[in-house]
4 protein chains.
Amino acid sequence: MKSLKEKIAVAVLGATGSVGQKFIEMLADHPWFEIRELCASDKSAGKEYQDAVDWFLSSTLPSSVKKIVVKRCEPNLKSKVVFSGLDSSVAGKIETEFAKEGYTVISNSKNHRMDNDVPLLIPEVNPDHLTLIKKQNYGSGCIVTNPNCSVIGLVIALKPLADKFGLEAANVSTMQAISGAGHPRVANLDIEDNVIPLIKGEEDKVETEPLKILGTIKNEILEFENFKISAQCNRVNVSDGHTECVQIKLKRKATKQDLIEAWQNFSSLPQELNLPSAPYKPIHYLNEEKLPQPKYQRSADKGMAVSVGRLREDPLFDFKFVVLSHNTVRGAAGGAILCAELMKAQGII
Amino acid sequence: MKSLKEKIAVAVLGATGSVGQKFIEMLADHPWFEIRELCASDKSAGKEYQDAVDWFLSSTLPSSVKKIVVKRCEPNLKSKVVFSGLDSSVAGKIETEFAKEGYTVISNSKNHRMDNDVPLLIPEVNPDHLTLIKKQNYGSGCIVTNPNCSVIGLVIALKPLADKFGLEAANVSTMQAISGAGHPRVANLDIEDNVIPLIKGEEDKVETEPLKILGTIKNEILEFENFKISAQCNRVNVSDGHTECVQIKLKRKATKQDLIEAWQNFSSLPQELNLPSAPYKPIHYLNEEKLPQPKYQRSADKGMAVSVGRLREDPLFDFKFVVLSHNTVRGAAGGAILCAELMKAQGII
Amino acid sequence: MKSLKEKIAVAVLGATGSVGQKFIEMLADHPWFEIRELCASDKSAGKEYQDAVDWFLSSTLPSSVKKIVVKRCEPNLKSKVVFSGLDSSVAGKIETEFAKEGYTVISNSKNHRMDNDVPLLIPEVNPDHLTLIKKQNYGSGCIVTNPNCSVIGLVIALKPLADKFGLEAANVSTMQAISGAGHPRVANLDIEDNVIPLIKGEEDKVETEPLKILGTIKNEILEFENFKISAQCNRVNVSDGHTECVQIKLKRKATKQDLIEAWQNFSSLPQELNLPSAPYKPIHYLNEEKLPQPKYQRSADKGMAVSVGRLREDPLFDFKFVVLSHNTVRGAAGGAILCAELMKAQGII
Amino acid sequence: MKSLKEKIAVAVLGATGSVGQKFIEMLADHPWFEIRELCASDKSAGKEYQDAVDWFLSSTLPSSVKKIVVKRCEPNLKSKVVFSGLDSSVAGKIETEFAKEGYTVISNSKNHRMDNDVPLLIPEVNPDHLTLIKKQNYGSGCIVTNPNCSVIGLVIALKPLADKFGLEAANVSTMQAISGAGHPRVANLDIEDNVIPLIKGEEDKVETEPLKILGTIKNEILEFENFKISAQCNRVNVSDGHTECVQIKLKRKATKQDLIEAWQNFSSLPQELNLPSAPYKPIHYLNEEKLPQPKYQRSADKGMAVSVGRLREDPLFDFKFVVLSHNTVRGAAGGAILCAELMKAQGII
C-alpha cells in the first residue's frame, strides 16, 4: 500500500506559518499526496512561495514548492484535500467555508476540535471516530482535526493502559519545546536561561481533549471518557520535543511489568494498514533510567513514535512515568498527515 | 543586630567545590562571620586558594581569600564554626570527626540530614528543631544540616499552608537548574536543547525531607509530619533557579484568597530577629499569571526569598501553583548561612 | 562631586524600547538626574508606564516610574534634558525637533552621529569634541551622540595605543550579544545553536565611527583620524557583552609590555572629575590567557569598564588581542549617561 | 564504484571517545568498510562496546557494534585498516606502533600531521600528497592524517582561489562549535551565555597546517606553500559547525564574480571518482546575505560540503567572506573516511 498510480493533489492553508512549513517539509516526498496549491494571508497571496515565506526549518525549502504562487485561503482550489495550519484566530471560519464547499479539511487548529461531529483523531487511538463525519452537514466536504501537540503523545501512551486497566485519573506536568509556539513568537531573551510556567489555553486542552479522544461511539453518538485530568504546562528552552511527567490511577490492579507489556505490545490500525507515515511501533518503552530525553528520542521512527520511560510506583497515584513526543511531527503536521493517510486507506479521501 | 565587635572566625570544608565557592562568595562581606580557613582535598591542600580553585562563579574571587593556604579537612582548625560543602561521598565521616572534636558543623550535605538528633533546619520553618542539638553526643560540638535545594523552596511555600489549613498530600514536579549539579558535572552537549528527566536520589529527598522539617518536637523527640508527597525531578537548561509545579490537598477548606493571604502574611523568627541574610519577606506571591520565572525572580531579595505564583484550583487535588527559589543561594549556601545566623542569635555559636 | 542639591529633571524618548528600558534602569537611582517624563509612540501615550511597557530586564521595574503617564515624543516637556533611545526610523526627525526647541538631546541612535557639528562622544576618549556643540544651529538646544555599541569598547581599547604609538590599521571581528538587537527582535529559533554572520549596517559603523571619535579638532573643525579599519560582525548566542577579536598595525614600534602599560595607565577626564558613572579604571587588562569572557567580565565596574586580554604578536599585523564590553551598559545607556554627566560637570547642562 | 563484493574490515582506535563515536556512526552503513574491531583504553577493554561507551550522539548506537568486545590499542588486530580517534596524549606512539606492524593508519590526531613523509590529506585539495607514503619507513604499513577541524573547511574554500589567483595572505577569526572539544570537556556553566576566546593550540594549527596542505611535491619532497596566515580561535555556544570569518590577499587581480565562479566550478578527484562520502559539490556558495549559518548549512550534503557566503571587498585585504563546515563530519570522522576511500580507489588499501 506504499504507492499510488497518481498522487492526490493537496493544498496547505496557512502555508507560510510554522505548522504550514512543517506540512510542506513532510509532504515534499509523500508517496500518496502531492502539494499543488498553497494558501496564506493577503500579504503573501500573489507571491511565489519562496518569496512569501520566511523559511526557518533547518531543512532546505523543497524545490517543488518554491515557485508555487500563493493563493488566498478561499475555497476555489483544484485540490480537494486541504491541510490546515491556520492560526486559530481565523481557522474556524475558513475551515467551515472549505468544508461547505466540498473540501476534505484536515486541521491542526483548535477551533473545531470539540465540535460534536468532528473527529479529534489519533489514528492509533480512535480510528473508529472517523464515522462521526457522516453526521457532519457539509455535503461531500468534511472536517477532521488533529489534537493539541501535548495531548497526542500523552494519549498514545495512555491508550493501551486505558484499554487494559481502565483510567481513573491522570496528572500531567509538561516541559514543552519552543517550536510549538510558532515562529517567531518566542524571543531568545525570554526563554534563554529561563522556564515560562504558562502556555495560554494549553492546560485546558490537556484536561479535556483526551476525554474526547478516548471516548466511545454508542448509537452514532460520541460519549466522552469519564475520568479527571489535571495539567500544568511549562515552556522550556528546547527546540523540539515535549517532555511530560505523567501520573495515573488505574481502575484495575496492574504491575509495572503489565504496563510495560501493554506499551510494548501496542499496535493499531495504522500499523496493520502499513500507512506510509505510521511508526513501526507507536510506543517505545525505554529501560535506561535517564531516558527519554528530547535530544535523543524526539526523532524516534522519524518523529512519529512516542517514547516512554522511568515507570515507577507513585505514592499518591498508582504509577508515574515520562512521555516524550515530537511536537511538530507526531504532535502536529505528521499526525495530521497520518490522519489523511488513514482516510485514504478507508476510502474517505 | 547587624554588626559584631569582632567577627566570628569560620572555615569552609570542600572550599574548591561548587557549594564551597558559593559559601566563600556569600561570606566575603558578612557582618558576623569571617573566613579564616579553607579546607579541601589532598590535591588542593598546601596551595594558595587562588591556585587551588577553578573559580567559576561570575563574581570575582574575593581578594580576602586568594592567599589563604588550603588545609586538609581535618579537625585541627582554629575556627570553631565550619560550613561544609563537602561531597556526600566523604561528608558523613568528616563532619562527624569535626563535631566530635567540638566544632559546630553547618552542613549542606545530605549525609546527616535524617539523623534523629540532627536538625534539618530552615530558620523560617522549624527554628525550634535546634533544640535537638542537645541530644547529640558530640560534647561541645554539633551538626546542623540544610535541606536539599529543591526541598527548601517547596517547604517554605508549604509552611504557612500547613499551619493554617493542614496538609494531606503534596505532588511536585521540578525543573531544576544546572548549578545544582555542581561544576563541571553537566556537559553542555548533555543539557543544551534537552531536558534530563532524572536527578539521582533527588525524588527520594523531596518525598521525605519535608516530613522531617515540618515535624513537631514532642517530649524532646521529633515526630515527623504525616502526609504523602510524590516528586518527579527534572534537569532543564537554566543556570540558576529551581521551578516547581506543586499540587496540594488540604485538611481544612480554604479559598484561593486564603492561601494568598497565608503566604503574604508569613513572617518568622529570622525576620523578627532581623538576621543579616533573612529576606524581608520569606514568600513573594506574584499576581502576574506568567510568573514566577527563574530569569526574573531567582534573585528576589538577594536570592533568599521564595516566589510563588499561578495559584489555581486543581481537578485532582485542591490547588496547584508554581514555586521558584534560588538553588545555590536560598537552596544551599545562603540557607546554611542563615542557619548559622540563627544559631548565633540564639547563643549556640 | 557625587551629589546635587536638587536633581536635574530628565526625560527618556523611546521609553518602552530596549534602550529606553535600560536608560530607566540605570537612571533610577542616579545622584544627579531624575526621570520626570517618559515618551513613546502613540500606542503607549496616555498609559501609565507600567501598563505601556513589556519590561523584559531581569531587574524589577523601578517603582518611581511605574505610574508616570507616557507622553508623545513631542518637544513640550518640562525636562530640558532628554535621553533618546528612539528607533533610528524616527530618531532623526524627533531629535532635531527637540534640539530646535531648546532641549539637550543625548542620543543613542545612529541618525545624527556623523553630522559635522555633532559630537560622537566617549567621555574618556574625546571630551574635547563637546566644543562642536557651539557650531550647532539649535539655539540653546543641542544634540550629542553616543557611538554604536560595538564601537565604544573598541575605541576605548584603541585610544591609549593611538595616543602612544599611532594607528595605521585595525581589523575587527565581533561576536555580539543578542540584547544589542533590541527586544524581541531575535527569535530563539534563529539564534539558539547558531551564529548569524550578519548584522545589518554594523560593519559600516565600525569601519567609520572610530575615525570620527579619534579625530582632532583643528580651528574648530573636526578632522577625522586617517587609518583603515575592516570589520566583520557576527551575532552569537550571548545575552549581554560584545566580544571583539582585534588586530592592529602601529605607526611606531612597541612591545607587548608597552601596550599593556598603555592600557593599565590609561585614565581620563571622567576619572579625574570623578563622574558618578565613570569606571575607576576605563580598561582592565587581564593576564589570564582564557579571558576576557562575556560571562565573567561584562559587568566589570558595573559594566562601564572595558576588558582586554590575550595580547599576542600577529603574523600579518603587529598585535592581536580580545576586547570585551557590556553592550547595553557601556555600549548604550551607561555610555550616554556618562556623556550627560560630563556635560553637567562642564556646565553645558 | 559504489559497492564492493566483500567489505574491507576496519578497526577504530579510541572507539569510546567523541571522534571514535563519530567514526562508528559514519561507518555503520558504509558501502566499502565494515567495523570489525574496536579499541580503547584499559578501562574499556574486555567490555562489550555498549557497556564501555557513554554514547552521546543523538543517533542510536548502531546495533552492529553493540556487542563487539573492546580490545586494547595494540597492533594485534585482524583488520588491517585502522581509523584513529585517539587523544593526542597517546596517539603518536600507538599510531607509530600500528604502522610499523603493517597497518594502514588513518588518523584524526595531530601528532603525525607535520611529519615530513605523512600526508596531511584533504582528498579534494592535495590527493597527490598520498605519494609521500612511499617515503615512510613503515614497511607495508603507513600513516595518513586528517587536518584540524577548523583547517579543513578553510583550506577547501581557499584551494580554488590559491589555484586561480594565488594567495598572499589569509586572516581567520573562528567561532567554533562545542562538539570539537570532545565529550564531556565543555561544561554547560562555562559556555552557556558565553564566548571563550581561547582554544589551546588551535591558532598555531590554523596558521601552519594550510601551508603544508597547499604545498607542492617537487622531486618527491613536499615544499610548503609560502604565505602568511593569522588566526584567532573562539569557542561559541553552538553544537556543531565551525563558522570562520576569512580575509584574503591575492597575488593576481580578481573580481568578486571571479571568486564566486572559482568556488562554484570547483570539483576534484573525489567527485570524479564518485567516492561514497564525497559531496556532489565540495563548495556551496550562498547568495543570501545572512548565510551561511551553522543551523542551516552544517549538514549540507550530509555534512561533507563546505558553505561559503558574504563575499565582499575588504579595506585591508582584498576580500572577506564567511566559511562554514561541519567540524565532526567534514572536519573529523567524515574527512578521514573520505581519505580512506581515496586510498582504496587508488589501490593503497
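For the protein assembly as shown, a crude dipole built from +1 on the beta carbon of Lys and Arg and -1 on the beta carbon of Asp and Glu, taken about the Cα centre, is about 0 debye to the nearest 20. Across all directions, the average projected area of the convex hull around the alpha carbons of segment A:15-140 is 8.2 nm². So, in Å, what gap is there between the alpha-carbon centers of segment B:103-136 and segment C:115-157? What the calculation gives is 61 Å, centre to centre. All other residues whose Cβ lies under 10 angstrom from that of C:V172 are scored, Lys and Arg at +1 and Asp and Glu at -1, for a net of -3.
Compactness ratio for segment B:217-348: Cα radius of gyration over 2.2 N^0.38 Å (N = residue count) comes to 1.15. Of C:F317, C:N287, C:N327, whose Cα points farthest to the positive end of the dipole of segment C:210-349 (charges on the beta-carbon: +1 Lys, Arg; -1 Asp, Glu; origin at the Cα centre)? Most positive-ward Cα: C:F317.
The orientation-averaged projected area of the convex hull spanned by the Cα atoms of the protein assembly as shown comes to 55.2 nm². Taking the square roots of 5 times each eigenvalue of the Cα gyration tensor of segment A:38-108, largest first, gives ellipsoid semi-axes of 22, 13, 12 Å. Taken about its Cα centre, segment B:219-330 carries a charge dipole of about 360 debye when Lys and Arg each add +1 at the Cβ and Asp and Glu each add -1 at the Cβ. Computed from point charges on the beta carbon alone (+1 for Lys and Arg, -1 for Asp and Glu), the dipole magnitude for segment B:286-326 about its Cα centre is near 260 Debye. Farthest toward the positive end of the dipole of segment D:170-221, out of D:I196, D:Q176, D:L214, is the Cα of D:L214, where the dipole comes from beta carbon charges about the Cα centre. Of interest is the spacing of the C-alpha centroids, which for segment C:48-62 and segment C:198-219 amounts to 33 Å. A 1.4 Å probe run over the protein assembly as shown, with the rest of the protein chains in place, finds 37 Å² accessible per residue. Estimated from the Cβ-Cβ distance and a Förster radius of 22 angstrom, the FRET efficiency linking D:E48 and A:Q264 is about 0.40. When shorter helices are ignored and each DSSP H run of at least 4 residues is given -39500 (n - 2.57), the per-residue value for chain A at 222 nm works out to -7500 deg cm²/dmol.
Projecting 7 Å from Cα along the Cα-to-Cβ direction, the label point of C:E272 sits 5.9, 7.0, 9.0 nm from its equivalents in the other copies, listed shortest first. Considering only alpha-carbon pairs that sit under 8 angstrom and 6 or more positions apart, the relative contact order computed for segment D:215-349 is 27 percent.
Shielding value for C:309-320 is 4, the average number of Cβ atoms from other chains within 10 Å of each residue's Cβ. From most to least packed by mean Cβ count within 10 Å, the peptides B:161-172, A:97-108, D:230-241 give D:230-241, A:97-108, B:161-172.
Chain C packed on chain D takes about 3700 Å² of accessible surface away from a 1.4 Å probe, both sides summed. Chain C holds its axis-closest Cβ, relative to the rotation onto D, at the residue and whole-Å distance C:S173, 2. Please report how far the C-alpha centroid of segment B:19-34 lies from that of segment C:232-287, rounded to the nearest whole angstrom. Each part's Cα centre sits 31 Å from the other's. Based on C-alpha pairs under 8 angstrom that are at least 6 apart in sequence, chain C has a relative contact order of 17 percent. The mean number of Cβ atoms from other chains found within 10 Å of a Cβ in peptide B:67-76 is 0, as a whole number. Split the accessible area of chain D by element, probe 1.4 Å, and carbon with sulfur accounts for 46%.
When only alpha carbons of chain B are considered, Rg and Dmax amount to 19.4, 60 Å.
Under 19 Å from a point 7 Å along the Cα-to-Cβ line of B:K134: which residues of segment B:90-114 have their amide N that close? Taking a point 7 Å out along Cα→Cβ of B:K134, no residue of segment B:90-114 has its backbone N under 19 Å. Computed on segment A:51-209, with alpha-carbon pairs under 8 angstrom and 6+ residues apart, the relative contact order is 18 percent. Take each residue of peptide B:321-332, count the partner chain Cβ atoms within 10 Å of its Cβ, and average: the result is 1. With 31 Å as the limit on Cα-Cα distance, the pairs of C:K100/C:K205; A:K5/D:K7; A:K159/B:K164; A:K159/A:K344; C:K43/C:K200; A:K78/A:K134 that go past it are A:K5/D:K7; A:K159/B:K164.
Counting from the shortest, the label point at B:A9, 7 Å from Cα toward Cβ, is 5.9, 6.9, 9.1 nm from the same position in each remaining copy. Between copies, the label points at C:V69 (set 7 angstrom from Cα along Cα-to-Cβ) are spaced 5.3, 7.1, 8.6 nm, reported in nanometres from shortest to longest.
The values are calculated or read from the model by the stated rules, or taken from the named source; none is laboratory data. These figures come from a predicted structure and were not determined experimentally. For neighbour counting, all protein chains shown are included, and Cβ atoms are generated from backbone atoms with ideal geometry for every residue, glycine included. What goes into the accessible areas is simple: the full protein's heavy atoms, side chains included, and nothing from ligands, DNA or RNA. Shrake-Rupley method; radii C 1.70, N 1.55, O 1.52, S 1.80 Å.
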